[in-house]
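Below is one structure; the comments refer to it alone.
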Amino acid sequence: MKKAQAAMEFLMTYGWAILVVLLAIAALAYFGVLNPGKYLPSSCTLPPGLGCTDFKVDADGVTLVIQNGMGQDLKNMSISVCGGLAEEGSTPGDVTLTDGEEDTFVITCIPPITDSKFKEDITITYTSESGLDHTMTGSISTQVE
């Protein structure tokens, strides 16, 4: 009888301790302390030859500063982000990105961005100097400002 009582007391003591630990972990997860996504660095990656030198995401859309290092001019360039729910954005009055040039592209997202973390693919289409159409894909991951 004493062995059964000792075993029961052992289980109850450790049971309460485990319950308290689980409640503490649940509270930390609920308040976002255990969310690793909010501690990840921001990144904008494009295929070789194109550089994403600066970027910003706000509720209205995405602003990208892209540098051409492809060794040729990129004509009829357009960029789409926001999971295909966006208007294609291009620099007003200039759809050609010459070799070595850096330009700013503003892409308006429809509907507006509502999440605090933004992670999407960047699709860039352009026409090369030889007249062939190309499509390249990159990615952007950052906090919404």
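Given the C-alpha centroids of segment 95-112 and segment 1-42, what is the distance between them in whole angstrom?
50 Å
Express the Stokes-Einstein translational diffusion coefficient of the chain in µm² s⁻¹, to the nearest whole number, given a Kirkwood radius over alpha-carbon pairs, 20 °C and a viscosity of 1.002 mPa s.
116 µm²/s
Considering every Cα-Cα pair within segment 1-41, what fraction, in whole percent, is farther apart than 11 Å?
Value for segment 1-41 (Cα pairs over 11 Å): 69 percent.
Once phi is turned into ³J(HN,Hα) by the Karplus curve 6.51 cos²θ - 1.76 cosθ + 1.60 with θ = phi - 60°, what whole-Hz value does each residue of segment 100-106 show in order, with x for glycine and proline?
Ordered by residue, 3J(HN,Hα) equals x, 7, 10, 9, 9, 10, 10 Hz.
Taking every pair of distinct Cα atoms and averaging 1/r, then inverting, what Kirkwood hydrodynamic radius in Å comes out for segment 21-64?
The Cα-based Kirkwood calculation yields 13.6 Å.
Multiplying the sequence separation of Glu101 and Ile25 by 0.36 nm and subtracting their Cα-Cα distance, what value in nm do you get?
That works out to 22.3 nm of additional length.
Normalised by the residues of segment 42-143, what does the relative contact order come to in percent, with Cα pairs under 8 Å and at least six apart?
Relative contact order of segment 42-143: 32 percent.
When the helix-only estimate is applied to the chain (DSSP H runs of n ≥ 4, each -39,500 (n - 2.57), divided by the residue count), what is the mean residue ellipticity at 222 nm, nearest 500 deg cm²/dmol?
-7000 deg cm²/dmol, from helical runs alone.
State to the nearest 20 debye the size of the charge dipole of segment 42-143 about its Cα centre, where the only charges are +1 on K and R beta carbons and -1 on D and E beta carbons.
Taking the Cα centre of segment 42-143 as origin, the dipole is about 320 debye.
When only DSSP loop residues count, what chymotrypsin sites (Phe, Trp or Tyr not before Pro) in segment 1-39 have their Cβ near at most 10 other Cβ atoms within 10 Å?
Phe31
Within the chain, count lysine pairs with alpha carbon atoms under 25 angstrom apart where the residues are 8 or more positions apart or belong to different chains.
Lysine pair count for the chain: 6.
Expressed as an acute angle from 0 to 90° and rounded to the nearest 10, what is the orientation of the C-alpha long axis of helix 2-30 relative to the principal long axis of the chain?
The angle comes out at about 20 degrees.
Output wanted: per-residue J couplings in Hz (rounded whole) for segment 129-137, from phi through Karplus 6.51 cos²θ - 1.76 cosθ + 1.60, θ = phi - 60°, x for Gly and Pro.
Ordered by residue, 3J(HN,Hα) equals 5, 7, x, 8, 8, 10, 10, 10, 10 Hz.
Any read-out appearing in this document is the output of simple, stated calculations on the displayed coordinates, not a laboratory observation. Because the structure is predicted, anything quoted here is derived from the model rather than measured. Using ideal geometry, Cβ is built from the backbone for each residue, glycine included, and neighbour counts are taken over all protein chains shown.
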